[in-house]
Amino acid sequence: MFFDIHCHILYGIDDGPDNPSGMFEMIKTAYFYGVRKIIVTPHHNPMLFKYSPETESKVFSELLDYSAVRFPDLKIYKGNEIFAYTRFPGAVAENMPVFMAGKNIALVEFLPDSDFRFIHELVITLRSMGVVPLIAHIERYGKLSGKNISEIKKLGAVISMNSSFYLKKGLLKKRKYYRLLKKNLIDIITSDAHRAEDYRIFYDCYNFLVKKSGRNKADMLFYQNAYNLFETSDLNSAEPYDAK
Ligand SMILES: [Fe+2]
């Protein structure tokens, strides 16, 4: 059973599916591969996509209606993936409905060449606002070392990595990802699915990690840590969150 906290399933919002059938195909495929909890996270990036909370709510309701009868045991939440161009994401500051599953958790992404200083300051800003920064696809930020990631985790950031990491080319890159996993610097593996077939990669990555690191560790990364974060933790606390 999987808990996917990052995907682009809502249609007509961003670079996910264009129409309802694409959205239904994605949720069907996610369910087929074992997803039982999911947070849909359209891009909040006003530079690239027009932001309309009303449209997001409408399409989200369509998704709930479709799924309720077909997949009654699938729990679906709403979130967003916030693009942080500055150290102070306006969407969070203005209290827009961009938080994850109604919690004080913000899924954030940056430009790939962002450096540690930028990300470190952003994490501090969000923590000072009582928000838990959930970092999207950490594997994209080539300037971050394991030590850097450990530092932002200590400040309360939660770290996610896309399941497609295991398909990436380059021995050095791969070694880095495995080292991060081994040192428990990754909390959650996400699909970041934009198309139905991305759930096959998510599923294959789980099986790959079961072989490489054991079922217990794979289950922590694909379900339990997300469950702990979204369904059991007290996020009113200002203490750094520790997924372990
Ligand atoms: Fe994404």
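Quick note: the coordinates plus some simple rules give every number you see, no bench work behind them. All figures in this text were calculated on a predicted structure; none of them were measured in a lab. We place every Cβ from the backbone using ideal geometry, glycine too, and count neighbours over all the protein chains shown.
Descriptive notes on the structure:
- FRET efficiency for Glu54 and Ser21, using Cβ-Cβ distance with R0 set to 30 Å, rounded to 0.05: 0.85
- Normalising by residue count, region 105-244 has a Cα convex hull of 107 Å³ per residue.
- Within the same chain, aspartates and glutamates fewer than 8 places from Lys154 are excluded, and of the rest, those with a Cα less than 14 Å from its Cα are Glu121, Asp187, Glu239, Asp242.
- Size estimate for region 50-100 follows the Kirkwood approach: the inverse of mean 1/r over distinct Cα pairs works out to 12.7 Å.
- Above-threshold pairs, the threshold being 25 Å between Cα atoms, out of Lys50/Lys176; Lys75/Lys147; Lys75/Lys183; Lys153/Lys174; Lys37/Lys143; Lys28/Lys174: Lys50/Lys176; Lys75/Lys147; Lys75/Lys183; Lys37/Lys143; Lys28/Lys174
- Ordering Val59, Ile105, Gly142 by Cα displacement along the dipole of region 2-232 toward the positive end leaves Gly142 in first place; charges were set at the Cβ atoms of Lys, Arg (+1) and Asp, Glu (-1).
- Within the straight-line cut-off of under 15 Å between alpha carbons, the aspartates and glutamates reachable from Lys211 are Asp219, sequence neighbours fewer than 8 places apart in one chain being disregarded.
- When the alpha-carbon atoms of region 1-109 are used, the pair Rg, Dmax equals 13.6, 42 angstrom.
- Separation in nanometres of the label points that stand 7 Å from Cα toward Cβ, at Arg175 and Ser145: 1.5 nm
- Sequence-separation-based contact order of region 126-178, relative, with Cα cut under 8 Å and 6+ spacing, percent: 40 percent
- Taking the convex hull of the alpha carbon positions in region 2-232 and averaging its projected area over all directions gives 11.7 nm².
- Estimated from helices alone, the mean residue ellipticity of the chain at 222 nm is -11000 deg cm²/dmol (sum of -39500 (n - 2.57) over DSSP H runs with n ≥ 4, per residue).
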